[in-house]
1. With 134, 183 as the choices, which residue is in contact with a helix residue (DSSP H, G or I) (Cβ under 9 Å, 6 or more places away or on another chain) and within 8 Å of the ligand (Cβ to nearest atom)?
2. Are any residues in segment 148-177 closer than 22 Å to residue 208 by Cβ and in contact with a helix residue (DSSP H, G or I) (Cβ under 8 Å, 6 or more places away or on another chain), and if so, which ones?
3. Mind listing whichever residues of segment 193-210 are crowded, with 23+ Cβ neighbours inside 10 Å and touching a residue at least 60 places away in the same chain (Cβ under 8 Å)?
4. Suppose we filter 42, 25 for residues that are more than 18 Å from residue 103 (Cβ to Cβ) and either in contact (Cβ under 8 Å) with a residue 40 or more places away in the chain or in contact with a strand residue (DSSP E or B) (Cβ under 6 Å, 6 or more places away or on another chain) (or both); which single one remains?
5. For segment 257-272, name all the residues that are surrounded by fewer than 17 Cβ atoms within 10 Å (Cβ to Cβ) and touching a helix residue (DSSP H, G or I) at 6+ places or on another chain (Cβ under 7 Å).
6. Here is a check on your reading of the model: is residue 67 under 27 Å from residue 147 (Cβ atoms) and touching a helix residue (DSSP H, G or I) at 6+ places or on another chain (Cβ under 9 Å)?
7. Looking at segment 211-226, which of the residues that are within 13 Å of the ligand (Cβ to nearest atom) and at pLDDT 95 or above is surrounded by the fewest Cβ atoms within 10 Å (Cβ to Cβ)?
8. Here is a check on your reading of the model: is residue 180 assigned to a strand (DSSP E or B), at pLDDT 95 or above and either within 30 Å of residue 21 (Cβ to Cβ) or touching a strand residue (DSSP E or B) at 6+ places or on another chain (Cβ under 9 Å) (or both)?
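The values are calculated or read from the model by the stated rules, or taken from the named source; none is laboratory data. Just so it is clear, the structure is predicted and the values come from calculations on it, not from any experiment. Neighbour counts are summed over all protein chains in view; Cβ atoms, including those assigned to glycine, are modelled from backbone coordinates with ideal geometry.
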Ligand SMILES: NC(=O)c1ccc[n+]([C@@H]2O[C@H](COP(=O)([O-])OP(=O)(O)OC[C@H]3O[C@@H](n4cnc5c(N)ncnc54)[C@H](OP(=O)(O)O)[C@@H]3O)[C@@H](O)[C@H]2O)c1
């Protein structure tokens, strides 16, 4: 690893718990590969300390920005000075750029990362009818990104149906021509089926949808990264479906996050 010197720029990831985060080695390898004198460090920050920590980070001149993950994503918009469209639409922030004058610009790259991950594996969502289980932070970000990517129709299913209805209403305001529907557990009739819930993390979790209704013509995409093969993925494979795992959503975000924090994208308050 390149030695850390007085000239090294730094970035952080804020989470609670922190031990499981996968981003620092990926960002550090990216910076090293590009010859950039920059490093990302993990910061274990509890929810009650978030505002104080974020305020302190504004004053560090060698600080480029940070990733916010569980449980901080929905608390971050109120702590930023400006937000990207995605962050406003979903009401969450997972990446923050500190501008040279100490302002904080919040963005949300979960949805863009998911779509980029699909495309990197040869799956083009434009024109597809998509079923999404989950209307939480990740499900909402994925829904907006798929709509922007040109999906033909979105069906949203969620345990809390009111949350799904609210997401559909928000999507309809931004994408009035999109074919939107409230779904149940049957995902048939959709070319792409997405698990956007947290179901699958634990071995005793129920499936997020009725796998007996899956058809070999469908692609089933997961967002859960651990375990790498969820019960839904195994069930979808058994039904003859093509399966797309959860990890590409993160790995595809790495370059996007680094560019955002370093101000290399216009939306991050940096040069166009
Ligand atoms: N691969 C990646 O890069 C990546 C990125 C971000 C997040 N994730 C993963 O995405 C998952 C969800 O994150 P999030 O931020 O969207 O969380 P969230 O906002 O808390 O939403 C959780 C979602 O899961 C549903 N859910 C939870 N327990 C359920 C149960 N027992 N039965 C039915 N539905 C249930 C919730 O439904 P209700 O609304 O009914 O509660 C909601 O739709 C996390 O596990 C995280 O690891 C992965």
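1. Of the residues listed, the single one that is in contact with a helix residue (DSSP H, G or I) (Cβ under 9 Å, 6 or more places away or on another chain) and within 8 Å of the ligand (Cβ to nearest atom) is 134.
2. Hits for segment 148-177 are 149, 154, 156, 157, 158, 167, 170, 171.
3. Listed by number, the residues that qualify are 193, 194, 195, 196, 197, 208, 209.
4. 42
5. 272
6. Yes.
7. Ranking the qualifying residues of segment 211-226, first place goes to 222.
8. Yes, satisfied.
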